[in-house]
1. Is it the case, given these coordinates, that residue 70 is closer than 28 Å to residue 96 by Cα, of a type in the set (Ser, Thr, Tyr) and loosely packed, with under 14 Cβ neighbours inside 10 Å?
2. In the range 99-109, is there at least one residue being in a loop (DSSP other than H, G, I, E, B) and touching a Ser or Thr at 6+ places or on another chain (Cβ under 9 Å)?
3. Touching a Pro at 6+ places or on another chain (Cβ under 9 Å) and surrounded by 10 or more Cβ atoms within 10 Å (Cβ to Cβ): does that describe residue 29?
4. Looking at 41, 24, which is the one that is touching a residue at least 40 places away in the same chain (Cβ under 8 Å) and not hydrophobic (A, V, I, L, M, F, W, C)?
5. Please specify each residue of the range 59-98 satisfying the condition of being modelled with pLDDT under 90 and part of a loop (DSSP other than H, G, I, E, B).
6. Based on what the data block shows, is residue 18 part of a loop (DSSP other than H, G, I, E, B) and in contact (Cβ under 8 Å) with a residue 60 or more places away in the chain?
7. Residue under question is residue 52, and the condition is that it be in contact with a helix residue (DSSP H, G or I) (Cβ under 6 Å, 6 or more places away or on another chain) and at pLDDT below 90; does it hold?
Amino acid sequence: MEGNESQYGDQYEDAWDSEHVKFPSSRKNCFKDAETQRLLPKWPIILKALGADIQSVEDLRVAMLQYNQSYYDSWDFLALEYYVEKILTPEEAQAFFTTTVRTTNPSPEKF
């Protein structure tokens, strides 16, 4: 089984509508390839993007926009940048990127 099915077994329902949480690993989470015009799953792109060595808000922004390109002009990361640079201590900021972001990076084993 792939994605969420391996974690939830027979109880998993891959619903892709406004009434359900849309799992990023869903087979229905796709994008249209510009060259082939085929629908391709986003999950491998998400895994690759978030598997990078993310050590700053800019690194995280670049990673997230790799698989959300349609939001390039509308998403900003100013609140996160403010939080990391003005609220967190340097040690907490480092822990955010080395622990929180790294441990929440999706992997096939987690889903």
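The values are calculated or read from the model by the stated rules, or taken from the named source; none is laboratory data. Since this is a predicted model, take the numbers as computed values, not measurements. Because the Cβ atoms are built from the backbone with ideal geometry, glycine has one as well, and the counts that use them run over all protein chains shown.
1. yes
2. Checked against the condition, which is being in a loop (DSSP other than H, G, I, E, B) and touching a Ser or Thr at 6+ places or on another chain (Cβ under 9 Å), the range 99-109 yields at least one hit.
3. Yes; evaluated as a whole, the condition is true for this residue.
4. 24
5. Result: 67, 68.
6. Considered against the rule, which asks whether it is part of a loop (DSSP other than H, G, I, E, B) and in contact (Cβ under 8 Å) with a residue 60 or more places away in the chain, residue 18 comes out as no.
7. So residue 52 passes the test.
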